[in-house]
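The values are calculated or read from the model by the stated rules, or taken from the named source; none is laboratory data. Nothing here was measured: the structure is a model prediction, and the numbers come from that model. Don't worry about glycine lacking a Cβ; one is built from the backbone with ideal geometry, like all the others, and counts go over all protein chains shown. In case anyone asks, the SASA skips ligands and DNA or RNA and just uses the protein heavy atoms, side chains included. Shrake-Rupley method; radii C 1.70, N 1.55, O 1.52, S 1.80 Å.
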Amino acid sequence: MTHGYTTKVGKDGLIVVKPKRRPVRGGGPIKLVVLAVAGLIAFKAVALIAVGPITYNERLAKLETGTMIEQVGAKALAIDPVTEVLADSVGPTLR
């Protein structure tokens, strides 16, 4: 009953106490998409730190010449400004 309660008087004169429903939390699909994008950016930053920018770009070049799915993956894994800044700021700490 931490979220409150309601009371009603029944037809027989008894007072009935019922807990209120818990408020709905979360953000639904929007929260899920934001978490997925943040996870992808974090993954790209860690991969960039681990192999270095030259090797990372060489591996992306191999993906760009592959199948359609590999090409889409190469576009998604391309180094963007956010990933680069994150890798530059966190990189020295992880090395």
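A few notes on this one:
- Computed over the range 33-83, the range of Cα coordinates on each principal axis works out to 29, 24, 16 Å, biggest value leading.
- For LYS75, the lysines whose Cα comes closer than 24 Å to its Cα, not counting residues fewer than 8 places off in the same chain, are LYS31, LYS44, LYS62.
- Coupling constants for the range 41-52 follow from the phi torsions by the Karplus curve (6.51 cos²θ - 1.76 cosθ + 1.60, θ = phi - 60°), and in residue order they are 5, 5, 4, 4, 5, 5, 5, 5, 5, 5, 9, x Hz; glycine and proline get x.
- Dividing the mean sequence gap of close Cα pairs (under 8 Å, 6+ apart) by how many residues the chain holds gives a relative contact order of 20 percent.
- 12 Å beta-carbon shell around LEU77, net charge (K/R +1, D/E -1): +1
- Compactness relative to 2.2 N^0.38 Å, alpha carbon Rg of the chain: 2.06
- Helical mean residue ellipticity (222 nm; -39500 (n - 2.57) per DSSP H run of 4+; nearest 500) of the chain: -20500 deg cm²/dmol
- Of the residues GLY39, VAL17, LEU77, the one whose Cα sits farthest towards the positive end of the charge dipole of the chain is VAL17 (charges of +1 on Lys and Arg Cβ, -1 on Asp and Glu Cβ, taken about the Cα centre).
- Heavy atoms of the protein chains alone define the surface here; on that basis the chain has 83 Å² accessible area per residue at 1.4 Å probe size.
- Electrostatic bookkeeping for ILE41 treats Lys and Arg as +1 and Asp and Glu as -1; over the other residues with beta carbon under 13 Å from its beta carbon, the sum is -1.
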